[in-house]
1. Between ASP165 and ARG111, what is the label-to-label distance in nm when each label sits 7 Å out along the Cα-to-Cβ direction?
2. With N set to the number of residues, divide the alpha-carbon radius of gyration of the range 1-60 by 2.2 N^0.38 Å and report two decimals.
3. Quantify, in whole percent, the carbon and sulfur part of the accessible surface of the range 49-184 (1.4 Å probe; protein heavy atoms only).
4. Along the three principal axes, how long is the chain when you take its alpha carbons, biggest first, rounded to the nearest angstrom?
5. Taking the Cα centre of the range 1-96 as origin, work out the dipole magnitude from +1 charges on Lys and Arg Cβ and -1 charges on Asp and Glu Cβ, in debye rounded to 20.
6. Quick check on the chain: helices-only [θ] at 222 nm, where DSSP H runs of length 4 and up contribute -39,500 (n - 2.57) each and the sum goes over total residues. Nearest 500, please.
7. Order TYR167, TYR179, most accessible first, counting only protein heavy atoms with a 1.4 angstrom probe.
8. Go through the range 105-199 and name the trypsin sites (Lys or Arg not before Pro) that are in a DSSP coil and have 16 or fewer other Cβ atoms within 10 Å of their Cβ.
Amino acid sequence: MVIDLQLERLIAFHKALADPVRIRILCLLSSGPLHGQALAGKLGVKPPTITHHMGKLREAGLVKEKREKNTIYFHLDMHSLERKSQATLQTILHQTKGYDQMDENKQKYRREVLKNFFTAEGKLKNIPAQRKKKLIVFEEICKGLKMGEKYPEKVINEHIKQYFDDYATIRRELIVNKYMYREDGFYELNPKEMWSVIE
């Protein structure tokens, strides 16, 4: 099993959860934002303890902060929690199937699909009707995007237009098939473990 950047992120995510105080903090934040003093009072610990645990949760991308005057409120990042939980499930289900290591026949099939649906200049002729071929095409389009980088919609549109003029359709398909997710007008690649699986 190859431990890549995405798996390292999942490991950090589970390390952040491997503490009863941090689990209780997330439970409290699930009901709404709270500041550090309130969390310390509810959990019966000292503020520096809360500061330590919030640092771990922040590193794992599980909480967000919002300052109101002189007080910092912590919010549970439910979207991040759901994504990383789903990514963990996908990793367990697909890693043992050689998800990142296609055998020779699959590589040959992939090359044929790309040859048939892309011009020599790299333009997509049309979107395949068959799901398997369609997913191969979408993975190819995602190659030029970087993991961990947030892209404004305009940038994503321009990236897709390099391959296909109907960028809105492709953009929607990338979301539906979990290659990307959208939040506050920005797009970011999901961990590969969450991508739709090419059978």
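1. Reported label-point gap for ASP165 and ARG111 is 3.2 nm.
2. Normalised Rg, Cα atoms only: 1.27.
3. Exposed carbon and sulfur together represent 48 percent of the surface.
4. 64, 37, 21
5. In total the dipole reaches around 340 debye.
6. -16500 deg cm²/dmol
7. The most accessible residue leads, giving TYR167, TYR179.
8. LYS123, LYS125, LYS143, LYS146, LYS150
The values are calculated or read from the model by the stated rules, or taken from the named source; none is laboratory data. Only a predicted model underlies this, so the values are computations on that prediction, with no experimental measurement involved. A quick note on method: Cβ atoms are made from the backbone with ideal geometry, for glycine too, and the neighbour counts reach across all protein chains shown. In case anyone asks, the SASA skips ligands and DNA or RNA and just uses the protein heavy atoms, side chains included. Shrake-Rupley method; radii C 1.70, N 1.55, O 1.52, S 1.80 Å.
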